[in-house]
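First the structure, in the form of structure tokens, and then the observations on it.
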Amino acid sequence: MLIHELYHPDPVTIREDVSIRDALSTIIHRKINGLVVIDKDSKVVGVLAIQDIAGATIPRQFKNNVQMASAMYRRGFFTESCEAIENDPVSKHMRRDFVTVGLHDNIMAVTADFLKNDLYIVPVIEKNKLVGIITRSEIKKALAYGMRLKGYF
């Protein structure tokens with residue numbers, strides 16, 4: 001199965017200078033898990049997923065030590081962590097090292113990347129232009145197609 005058979009042609013984008021608060025608002029209101037980040041010239045410069053925002057709220061020393069995070073808990077700490085990043089620009093927390101695919105790439109390669117890198121969103125680029133995205137929803141559709149589940153294609 002090739003990307004052009006299942007990609008989502010209407011990606012939600014956000015400028016890299018927009019605040020994390022506004023990015024989260026877009027993610028919530030659009031009921032999506034990630035955004036393609038563009039610069040002022042509409043060039044794709046990154047991706048921002050909900051896990052990138054959540055990860056920015058967790059102090060570095062807690063990321064590899066769940067017990068420490070639990071032991072250091074105090075009321076209001078999470079809210080303070082959220083407030084500390086809410087006005088940061090998207091560019092501060094977006095993934096700059098991201099995967100892209102073309103319309104004629106195969107779904108197996110994308111699925112492998114989704115698993116390896118815990119991805120939520122992969123930009124589809126053709127002739128240096130953003131034409132769509134692959135998300136976990138498209139991976140689910142590909143699996144449904146591969147398993148011949150009725151009602152999905």
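Here are some notes:
- Euclidean distance between Cα centres, the stretch 35-58 to the stretch 94-146, Å: 15
- Over 21 Å between alpha carbons, listed pairs Lys31/Lys141; Lys31/Lys127; Lys116/Lys141; Lys43/Lys127: Lys31/Lys127
- Straight-line reach from Lys40: taking Cα to Cα under 12 Å and skipping same-chain neighbours fewer than 8 places apart, the aspartates and glutamates in range are Glu16, Asp17.
- When you restrict to C-alpha pairs under 8 Å that are six or more residues apart and normalise by the size of the stretch 1-149, the relative contact order lands at 34 percent.
- Listed residues Val110, Ile28, Tyr145: farthest to the positive end of the dipole of the chain (Cβ charges): Tyr145
- Counting only DSSP H runs of at least 4 residues, each contributing -39500 (n - 2.57), and dividing by the residue count of the chain, the helix-based mean residue ellipticity at 222 nm comes to -11000 deg cm²/dmol.
- Placing +1 on each Lys and Arg Cβ and -1 on each Asp and Glu Cβ, with no other charges, gives the chain a dipole about its Cα centre of roughly 420 debye.
Values in this text are rule-based calculations from the coordinates and carry no lab data. Keep in mind that this is a model prediction, so the values were computed, not measured. Heads up, the Cβs are rebuilt from the backbone with ideal geometry, glycines too, and the neighbour counts pull from every protein chain shown.
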